[in-house]
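Heads up, the thing below is written out as structure tokens.
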Amino acid sequence: MIVWINGTHGAGKTTTSALVQQLIPDSRVFDAEKVGETLMDITPGLPETDNFQHWPPWRPLVVETARRVLDYTGGALVMPMTVLVEQYWREISMGLAQHGIAVRHFVLHADEATLRGRIEGDTVLGPSPFRLKYLEPYAEAARTWLHDEAEVVDTTHLTPAQAALRIAEAVKS
């Protein structure tokens with residue numbers, strides 16, 4: 001099984017995923033961003049893009065990597081990864097389904113003001129223009145398809161531990 005934790009940058013996916021992993025026996029965290037980083041390391045570089053998700057190899061490589069890890073380890077993968085393009089989500093989720101891999105898709109949601117405050121007040125990464133530029137694309141995806149395709153966990157008034165507990169309880173039920 002895959003527990004996919006989606007949401008915009010700054011929503012708390014990485015923090016929450018680590019906590020979810022502790023609550024689900026025999027699970028591991030797999031950050032699909034590492035697949036993108038591998039593609040970014042190719043020299044000479046792949047065609048210029050502002051997001052490695054736009055490279056066609058990224059999506060099937062995420063599917064194949066997750067499949068291979070699950071074949072090797074069993075259990076569950078907790079995957080924190082923002083996917084805001086519906087076509088990309090379809091490619092990934094259908095690819096996983098073709099391998100018989102169940103996916104529980106969660107979205108960590110907070111209102112824009114809360115997200116903006118978290119991003120601007122981040123003491124680890126600092127204020128991030130990169131993360132801020134995804135607030136509107138996230139809002140658009142949430143309005144048009146994303147919230148219909150996932151279990152939404154509103155984190156506006158939740159700690160990461162509370163959000164992780166809600167996700168783990170939903171997965172176990």
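The values are calculated or read from the model by the stated rules, or taken from the named source; none is laboratory data. Keep in mind that this is a model prediction, so the values were computed, not measured. Quick reminder, even Gly has a Cβ in these numbers, built from the backbone with ideal geometry, and neighbours come from all protein chains shown. Only protein heavy atoms, including side chains, enter the accessible area calculation; ligands, DNA and RNA are left aside. Shrake-Rupley method; radii C 1.70, N 1.55, O 1.52, S 1.80 Å.
For region 55-114, a Kirkwood hydrodynamic radius built from all Cα pairs, placed in the Stokes-Einstein relation at 4 °C and 1.567 mPa s, yields a translational diffusion coefficient of 101 µm²/s. Once the 1.4 Å probe is applied to the protein heavy atoms, the chain comes out at 51 Å² accessible per residue.
Pick out, in residue order, every one of the trypsin sites (Lys or Arg not before Pro) in region 75-173 that is DSSP loop and has at most 13 other C-beta atoms within 10 Å; say none if there are none.
Qualifying residues, ordered by number: LYS133.
Measuring from centroid to centroid over Cα atoms, what is the spacing of region 105-173 and region 1-52 in Å? Here the answer is 15 Å between Cα centres. Among residues other than LEU146 with Cβ under 14 Å from its Cβ, the summed charge is -4 (Lys and Arg +1, Asp and Glu -1).
Taking all protein chains as present, what is the carbon and sulfur share of the accessible area of region 23-122, in % to the nearest whole number, probe 1.4 Å? Walk me through the intermediate numbers first.
On the way: 2820 of 5130 Å².
Whole-percent figure for carbon plus sulfur exposure: 55.
Size check on the chain: the Cα extents along the three principal axes, sorted descending, read 44, 39, 31 Å.
The phi torsions of region 147-161, fed into the Karplus equation with coefficients 6.51, -1.76 and 1.60 and a -60° offset, translate into couplings of 5, 7, 9, 9, 8, 8, 10, 6, 9, 3, 10, 10, 7, x, 5 Hz, rounded to whole numbers, with Gly and Pro shown as x.
Summing Lys, Arg as +1 and Asp, Glu as -1, what charge do residues with Cβ under 14 Å from the Cβ of PRO160 carry, PRO160 excluded? Walk me through the numbers on the way to the answer.
Working: positive: LYS13, ARG118, ARG166; negative: ASP122, ASP154.
Around PRO160, the charge tally is +1.
Tell me which GluC sites (Glu not before Pro) from region 1-57 have a DSSP coil assignment and no more than 10 other beta carbons within 10 Å of their own. In loop regions of region 1-57 (DSSP not H, G, I, E or B), the sparsely surrounded GluC sites (Glu not before Pro) are GLU48. Working from Cα pairs under 8 Å separated by at least six residues, relative contact order for the chain is 37 percent.
Using only helices, what value at 222 nm comes out for the chain when you add -39,500 (n - 2.57) per DSSP H run of length 4 or more and divide by the total residues, to the nearest 500 deg cm²/dmol? All intermediate terms of the calculation are to be shown ahead of the outcome.
Numbers: 8 runs with 84 residues, N = 173.
The helix contribution divided over the chain gives -14500 deg cm²/dmol.
For the options THR38, THR156, THR123, a Gaussian network treatment of the chain with springs between C-alpha atoms closer than 10 Å singles out THR123 as fluctuating the most. The lysines within cross-link reach of LYS133, meaning a Cα-to-Cα straight distance under 29 Å and a gap of 8 or more places when in the same chain, are LYS13, LYS34. Between ALA102 and THR15, the modelled label-to-label distance comes to 3.0 nm, taking each label 7 Å out from Cα in the direction of the beta carbon.
Relative to the present Cα-Cα distance, how much length would full extension add between SER173 and GLU86 at 0.36 nm per residue of separation? Could you put the intermediate results ahead of the total?
Values: separation 87, 0.36 × 87 = 31.32 nm, distance 2.72 nm.
Here the answer is 28.6 nm.
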